[in-house]
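**Student:** Got a structure for you, written out below as structure tokens; questions coming shortly.
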Amino acid sequence: MTKSIDLNCDMGESFGRYKLGLDEEVIKVITSANVACGWHAGDPLVMEQTVLMAREHMVGIGAHPGFPDLLGFGRRNLDCSLEEVKNYVIYQIGALQAFCQAHNTRLQHVKPHGSLYLSMLEDEDLARTVAEAVAALDPSLICLTLAGAKNRNMTRACREFGLKVAYEAFPDRAYTKDGTLVSRRNPGSVIQDPDQAAERALSMARDNQVLAEDGSKIPLEVHTLCVHGDTPTALELVKRIRGELQGAGLKVSPLREFL
């Protein structure tokens, strides 16, 4: 049976007059889009434009909620209560759901952004809070979390609330030996070379493993591969990765088609 893999990208990150990423080109190559919901990036006009592009190209639409941190692009950890986080997530998902409803399409998944995403890997209560927020809006939504040993918190939380979970790997990011992402503050943490990223993507999707920065091989169960939209070579990366995956006989399709 042919294995399916989703190829997603963080999108809709432009804001007002400031443009970030090559969304109009990248959307043609990926199968799922994580759309910024206005708190770490994006605005209502950008959200609508991204939803329309995703609908046109039959790309799965995902909400990408983060901490309220436009200046830090959502990559700084904020001291928020669990009640605050729950309502922040509901607010952002709900906003994107409204655009989907207005344009006769549906939300496919939720992928927390940046510091929120990473904090959930270590904080069980935070993971449970996010899952509770998602389930309160639509229990058919798929939740994305990091592939590997660190996904236990979100896996447990999704099972508690009856949500599907998809495990995500990052061919454009370096990994530590314990299966987490190397900090962006470190040299070499972001992989911009298309050939290197494509090789890593194939290893993740076909061989269920990733090469860590110390040379060790980390086992992973992977449903979806992410390329960051703000990486300068994002378009080249997704093209090269998709070609490599399909060349190896894998089916590249949205999560909704196989989860």
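Only the coordinates and a few stated rules stand behind these numbers; no lab work does. Bear in mind the structure is a predicted one, so any value in this text is a computation, not a measurement. Neighbour counts are summed over all protein chains in view; Cβ atoms, including those assigned to glycine, are modelled from backbone coordinates with ideal geometry.
**Student:** Can you find, within the stretch 24-43, the residue that is surrounded by the fewest Cβ atoms within 10 Å (Cβ to Cβ) among those that are under 23 Å from residue 115 (Cβ atoms) and over 15 Å from the mean Cα position of the chain (by Cα)?
**Tutor:** Among those that are under 23 Å from residue 115 (Cβ atoms) and over 15 Å from the mean Cα position of the chain (by Cα), it is 43.
**Student:** Look through the stretch 51-70, keep the residues that are in a helix (DSSP H, G or I) and of a type outside the set (A, V, I, L, M), and return whichever of them is nearest to residue 103 (Cα to Cα).
**Tutor:** This residue is 55.
**Student:** Can you confirm whether the stretch 39-50 contains a residue that is β-branched (Val, Ile, Thr) and out of contact with any helix residue (DSSP H, G or I) (no Cβ under 8 Å at 6 or more places or on another chain)? Show your work before the answer.
**Tutor:** Of the stretch 39-50, the ones β-branched (Val, Ile, Thr) are 46, 50.
Now narrow it down to the ones that are out of contact with any helix residue (DSSP H, G or I) (no Cβ under 8 Å at 6 or more places or on another chain): 46.
Scanning the stretch 39-50 turns up at least one residue that is β-branched (Val, Ile, Thr) and out of contact with any helix residue (DSSP H, G or I) (no Cβ under 8 Å at 6 or more places or on another chain).
**Student:** What are the residues in the stretch 195-225 that are under 24 Å from residue 36 (Cβ atoms) and surrounded by fewer than 22 Cβ atoms within 10 Å (Cβ to Cβ), if any?
**Tutor:** Once the filter is applied, which keeps residues that are under 24 Å from residue 36 (Cβ atoms) and surrounded by fewer than 22 Cβ atoms within 10 Å (Cβ to Cβ), the stretch 195-225 yields only 223.
**Student:** If you scan the stretch 44-59, which residues turn out to be surrounded by fewer than 21 Cβ atoms within 10 Å (Cβ to Cβ) and among the polar types (S, T, N, Q)?
**Tutor:** Of all residues in the stretch 44-59, those surrounded by fewer than 21 Cβ atoms within 10 Å (Cβ to Cβ) come to 44-45, 48-49, 52-53, 55-58.
Result: 49, single match.
**Student:** Can you name the residue in the stretch 192-248 that is in a loop (DSSP other than H, G, I, E, B) and hydroxyl-bearing (Ser, Thr, Tyr) and, of all such residues, is farthest from residue 171 (Cα to Cα)? Break it down stepwise before answering.
**Tutor:** Residues of the stretch 192-248 that are in a loop (DSSP other than H, G, I, E, B), as a first pass: 192-193, 208, 212-216, 220-223, 228-233, 248.
Cutting the leftovers down to hydroxyl-bearing (Ser, Thr, Tyr) gives us 216, 231, 233.
Numbers: 216: 16, 231: 12, 233: 13 Å.
Out of the qualifying residues, it is 216.
**Student:** Would you point out the residue of the stretch 132-172, among those that are under 13 Å from the mean Cα position of the chain (by Cα) and without any contact (Cβ under 8 Å) to a residue 60 or more places away in the chain, that is surrounded by the fewest Cβ atoms within 10 Å (Cβ to Cβ)?
**Tutor:** 167
**Student:** Could you tell me whether residue 10 is charged (D, E, K, R) and either in contact with a Cys (Cβ under 9 Å, 6 or more places away or on another chain) or surrounded by 14 or more Cβ atoms within 10 Å (Cβ to Cβ) (or both)?
**Tutor:** Yes.
**Student:** Any residue in the stretch 6-25 that is under 19 Å from residue 197 (Cβ atoms) sitting within a Cβ distance under 7 Å of a residue that is in a helix (DSSP H, G or I) and acidic (Asp, Glu)? List the pairs, counting only those 6 or more apart or interchain.
**Tutor:** The qualifying pairs are 11/23.
So that you can scan it fast, the table gives a plain yes or no per residue for (1) free of Cβ contacts under 8 Å to residues at least 24 places away in the same chain; (2) touching a Leu at 6+ places or on another chain (Cβ under 7 Å):
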residue	(1), (2)
194	no, yes
204	no, yes
210	no, yes
219	no, no
232	no, no
238	no, yes
247	yes, no
253	no, no
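**Student:** Residues of the stretch 1-40 being hydrophobic (A, V, I, L, M, F, W, C) and within 22 Å of residue 72 (Cα to Cα), which ones?
**Tutor:** Within the stretch 1-40, the subset hydrophobic (A, V, I, L, M, F, W, C) is 1, 5, 7, 9, 11, 15, 20, 22, 26-27, 29-30, 33, 35-37, 39.
Matches in the stretch 1-40: 9, 11, 15, 20, 22, 33, 35, 36, 37, 39.
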